[in-house]
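Peer 1: Take this structure first; my questions come after.
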Amino acid sequence: MTMAPNGTLLTPEVARKMVDSGIERISISIDGSSAETHDAFRQVKGAFEGALRGISAAKSVGLDFQVNTTITMTNMEDFPKIHELVVSLGAVAHHIFMLVPMGRGKDLDETGISPEKYEKTLHWFYEQKDKVPLQLKATCAPHYYRILRQRAKADGKEINFETFGLDAMTRGCLGGTGFAFISHVGQVQPCGYLELDCGNVREKSFRQIWEESPIFQNLRDPKKYEGKCGKCEYIRVCGGCRARAYEATGGNYLSEEPLCLYEPRVRSAGC
């Protein structure tokens, strides 16, 4: 069981209660490699020191922790230093989140990464896999699963659970295909960022919504995807971010991923 506190209120006593209640891992966000950069990103003075105190409290009782980092233009150049800090702190995992300009993320849209820098960042992240003793995971970054396969092929590596863990088993965008979000009012959505009404669990069973929603059915049919995504041989392992497509087009969740540079070849069956 995992919990996601911000770390600033975590003490050794609270961490011990977490362990006793069955919490096996916590996630704490670090978005800058120093107090200056992290606090500026979070817009809360003292957030960096608070996060480090929380991590120290977790470590004092043997509670595993992972670090989450949201990447924008604001902290992208600082990212390698953030990653070094995460490793030095003894985290069991480093998860990166690429900004999705939906909800509160719209206010940060101007800090979003360009397609070129997005691609470069994910290639760099892939290269860290065999250099650090912790698990790496890219979230809201479906291109990573295309890049992983491109780089593995170039390196002569077979993609399976033994070589790439869960990255070999999962897909980039899981919205509506392996994941769904239920809001506080019961509305079922493909994900928390894509606020499309697929049905309400107060009116229908989740199973009925999951199996019968036209939106979910569309998301599971690669032939329905448009633009480059509809032609791409990596559609089944990437899928493109449907929330970004929706926002970029003003409402078309099946459109091509706006931050992808890849020019697809003719898609073959089974890709």
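The values are calculated or read from the model by the stated rules, or taken from the named source; none is laboratory data. Just so it is clear, the structure is predicted and the values come from calculations on it, not from any experiment. Cβ: placed from backbone, ideal geometry, glycine included. Neighbour counts: every protein chain shown. Remember, those area values only see protein heavy atoms, side chains included, never the ligands or the DNA or RNA. Shrake-Rupley method; radii C 1.70, N 1.55, O 1.52, S 1.80 Å.
Peer 1: Could you tell me the convex hull volume per residue, in Å³, taken over the Cα atoms of the stretch 40-102?
Peer 2: Given the Cα convex hull of the stretch 40-102, per-residue volume reads 96 Å³.
Peer 1: For Ser27, which sequence-distant residues (separation of 5 or more, or a different chain) have an amide H within less than 5 Å of its own amide H, given hydrogens modelled in the peptide plane?
Peer 2: Residues meeting the criterion, in which the H sits 1.01 Å from N, are Met3, Ala4, Gln66.
Peer 1: Where only protein heavy atoms count, and the probe is 1.4 Å, what is the accessible area per residue for the chain in Å²?
Peer 2: On the way: 14010 Å² over 271 residues.
I get 52 Å² per residue for the chain.
Peer 1: Using packing as a proxy for protection, rank 239-252, 155-168, 117-130 so that the peptide with the highest average count of other Cβ atoms within 10 Å comes first.
Peer 2: Values: 239-252: 21.0, 155-168: 12.4, 117-130: 16.1.
Most protected by this proxy first, the peptides run 239-252, 117-130, 155-168.
Peer 1: Can you pick out the pairs among Lys120/Lys231; Lys59/Lys157; Lys117/Lys153 whose Cα atoms lie more than 30 Å from each other?
Peer 2: Numbers: Lys120/Lys231 23 Å; Lys59/Lys157 35 Å; Lys117/Lys153 22 Å.
Violating the 30 Å Cα-Cα cut-off are Lys59/Lys157.
Peer 1: OK, next. Can you tell me which of 210-216, 24-30 comes out highest on packing, and rank the rest after it, using the mean Cβ neighbours within 10 Å?
Peer 2: On the way: 210-216: 15.6, 24-30: 19.7.
Ranked from most to least packed, the peptides come out as 24-30, 210-216.
Peer 1: Using the Karplus curve 6.51 cos²θ - 1.76 cosθ + 1.60 with θ = phi - 60°, work out ³J(HN,Hα) for each residue of the stretch 20-30 in order, rounded to whole Hz, and write x for Gly and Pro.
Peer 2: 5, 8, x, 5, 9, 7, 10, 10, 10, 8, 10
Peer 1: Against the longest alpha carbon principal axis of the chain, how many degrees, from 0 to 90 and to the nearest 10, is the axis of helix 79-89 turned?
Peer 2: 50
Peer 1: Next question, about the same structure. Cα axis of helix 115-127 to longest principal axis of the chain: angle in degrees, 0 to 90, nearest 10?
Peer 2: That helix lies at roughly 60 degrees to the long axis.
Peer 1: List the relative contact order of the chain as a percent without decimals, with contacts defined as Cα pairs under 8 Å and 6+ residues apart.
Peer 2: Result for the chain is 13 percent.
Peer 1: While we're here: Restricting to Cα atoms and excluding each atom paired with itself, what does the Kirkwood estimate give for the chain in Å? Don't skip to the answer; put the middle values down first.
Peer 2: Values: mean 1/r = 0.0501 Å⁻¹.
By the Kirkwood definition, the hydrodynamic radius is 19.9 Å.
Peer 1: In addition: Any chance you could list the semi-axes, whole Å, largest first, of the equivalent ellipsoid that the Cα gyration tensor gives for the stretch 1-131, using √(5λ)?
Peer 2: Values: eigenvalues 139, 55, 35 Å².
Semi-axis lengths for the stretch 1-131 are 26, 17, 13 Å.
Peer 1: Follow-up question, since we're still on this one. Over the stretch 129-271, with a single point scatterer placed on each C-alpha, what log10 of the ratio I(q)/I(0) does the Debye formula yield at q = 0.08, 0.15, 0.17, 0.22 1/Å?
Peer 2: -0.24, -0.79, -0.97, -1.34
Peer 1: Using a probe of 1.4 angstrom, how much of the accessible area of the chain is carbon and sulfur, in percent? Let's see the in-between values first.
Peer 2: Details: 7350 of 14010 Å².
Carbon-and-sulfur percentage of accessible area, whole number: 52.
Peer 1: Can you compute 3J(HN,Hα) from phi for each residue in the stretch 214-220, using the Karplus curve 6.51 cos²θ - 1.76 cosθ + 1.60 with θ = phi - 60°, rounded to whole Hz and x for Gly and Pro?
Peer 2: Values per residue, Gly and Pro as x: x, 5, 5, 4, 5, 5, 8 Hz.
Peer 1: On a 0 to 90° scale, report how tilted helix 143-155 is relative to the longest principal axis of the chain, with both axes built from alpha carbons and the result rounded to the nearest 10.
Peer 2: Once rounded, one gets 90 degrees.
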